[in-house]
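First up is the structure itself, then whatever we jot down about it.
The values are calculated or read from the model by the stated rules, or taken from the named source; none is laboratory data. Please read all numbers here as calculations on a predicted model, not as lab measurements. Positions of Cβ are backbone-derived with ideal geometry, glycine not excepted, and every protein chain shown enters the neighbour counts.
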Ligand code: BDP
């Protein structure tokens, strides 16, 4: 009798629980979007993505909801790009760096020194250049809602400060997964190894690579500064990032919800860009306080000149992208 009473009580709570979860499912018309993020939770990209999911849930009254998985727990960037393409992931913030392997248009922003400054990058990405890249992404199943800032990337290593391209000669340098970056390092006589972001700390520590290149917030948030203390401000790459949605998820939305989601994406980019400016300064200060030797490179023209073969190769491989390259290269 007792056992029976216990059992029926248990069944009642199981029933109650399933009714609650059925109600939750019924009110959210579709499944929750899964979002990929490579960065730790306290990072400008992560805060932008969190604002985005809060806004879409509120503004669509729960028709579109999302959850962000931070810290790269859903896998490496090259894998995640493919998952967004097939709809196994619904949204993400990706650097356009590794996207170049799949979307040729996005490679244009991985050409060293192509943008003259961050404000110029914003103008071009929020205009014609960004639209051209978005069109390329859409052909591959990805929709760009907005462009996030990732500042400028500089070289760092455990051996010596870099002041001239000749200082890169013979260095083993980790790069993001893209042949263009291998060519970029080779043009200065270095040896580049494409490698997942998550593996870089250990590789620096054990000497598998001597150095890498990244913006100050990533150099700081990954603790790479602990194992590579020379940070040289070459600022050779300004690569924006996209807040991207899988075309599969996008096409399931009504035009009204698409407009809401897009506006929320843009608003999140405003927040992210503002946070980025603050974090860049804070990160540089933090690594300097921890013993990093940061050196300015006042005259970058020798680095720019060394990149000529990278442009020549790219334009001969992608003649159809000449106009897009020129659009950016010749902009004020
Ligand atoms: C960071 C980017 C991130 C890249 C990483 C890398 O924000 O998307 O995965 O660099 O170097 O700056 O792999």
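Checked against (1) over 20 Å from residue 81 (Cα atoms); (2) away from the ligand (no atom under 14 Å from the Cβ), residue 245 meets all criteria but (1).
Selection of first residues in region 98-112 that are over 15 Å from residue 182 (Cα atoms) and free of Cβ contacts under 8 Å to residues at least 12 places away in the same chain and of second residues that are in a loop (DSSP other than H, G, I, E, B) and within 13 Å of the ligand (Cβ to nearest atom), restricted to Cβ pairs under 6 Å at least 6 apart or on distinct chains, gives an empty result.
Close contacts from region 218-232, counting a first residue that is closer than 22 Å to residue 45 by Cβ and assigned by TED's automatic domain parsing to the domain that holds residue 292 and a second that is outside any loop (DSSP other than H, G, I, E, B) and near the ligand (Cβ under 10 Å from one of its atoms), with Cβ to Cβ under 6 Å and a gap of 6+ residues or different chains, come to 225/219.
Selection of region 267-276 for residues being without any contact (Cβ under 8 Å) to a residue 12 or more places away in the chain and surrounded by 13 or more Cβ atoms within 10 Å (Cβ to Cβ) yields only 274.
Under the condition of being within 16 Å of the ligand (Cβ to nearest atom) and either surrounded by 21 or more Cβ atoms within 10 Å (Cβ to Cβ) or closer than 17 Å to residue 91 by Cβ (or both), the residues counted in region 153-176 number 9. Just to be sure, is residue 220 at pLDDT 95 or above and over 21 Å from the mean Cα position of the chain (by Cα)? Spelling it out, it is not the case that residue 220 is at pLDDT 95 or above and over 21 Å from the mean Cα position of the chain (by Cα). Among the residues making up region 180-206, those that are touching a residue at least 40 places away in the same chain (Cβ under 8 Å) and either surrounded by fewer than 15 Cβ atoms within 10 Å (Cβ to Cβ) or under 20 Å from residue 38 (Cβ atoms) (or both) are 180, 181, 196, 197, 198, 204.
Restricting to region 82-101, and then to whatever is in contact with a helix residue (DSSP H, G or I) (Cβ under 6 Å, 6 or more places away or on another chain) and not in a strand (DSSP E or B), can you tell me which residue is farthest from the ligand (Cβ to nearest atom)? My answer is 87.
Here residue 183 passes the criteria (1) outside any loop (DSSP other than H, G, I, E, B); (2) more than 19 Å from residue 289 (Cα to Cα); (3) within 16 Å of the ligand (Cβ to nearest atom) except the one numbered (3).
Selection within region 212-250: residues that are part of a helix (DSSP H, G or I) and out of contact with any strand residue (DSSP E or B) (no Cβ under 9 Å at 6 or more places or on another chain). The member of this set that is nearest to residue 118 (Cα to Cα) is 217. Only one entry of 271, 322 meets the criterion of being assigned by TED's automatic domain parsing to the domain that holds residue 229 and either modelled with pLDDT under 95 or in contact with a helix residue (DSSP H, G or I) (Cβ under 7 Å, 6 or more places away or on another chain) (or both), and that entry is 322.
Here residue 138 passes the criteria (1) under 27 Å from residue 319 (Cα atoms); (2) within 16 Å of the ligand (Cβ to nearest atom); (3) modelled with pLDDT of 95 or more except the one numbered (2). With respect to the conditions (1) within 14 Å of residue 234 (Cβ to Cβ); (2) in a helix (DSSP H, G or I); (3) in the same structural domain as residue 81 (by TED's automatic domain parsing), residue 112 falls short on a single one, namely (2). Say we look at region 55-81 and pick out the residues that are within 14 Å of the ligand (Cβ to nearest atom) and in contact (Cβ under 8 Å) with a residue 40 or more places away in the chain; which of these is nearest to residue 151 (Cα to Cα)? Selected residue: 77.
Considering the conditions (1) touching a helix residue (DSSP H, G or I) at 6+ places or on another chain (Cβ under 7 Å); (2) touching a residue at least 24 places away in the same chain (Cβ under 8 Å); (3) farther than 22 Å from residue 144 by Cα, residue 309 is excluded by exactly one of them, (1).
Within region 187-194, one or more residues are within 26 Å of residue 276 (Cα to Cα) and not in a loop (DSSP other than H, G, I, E, B).
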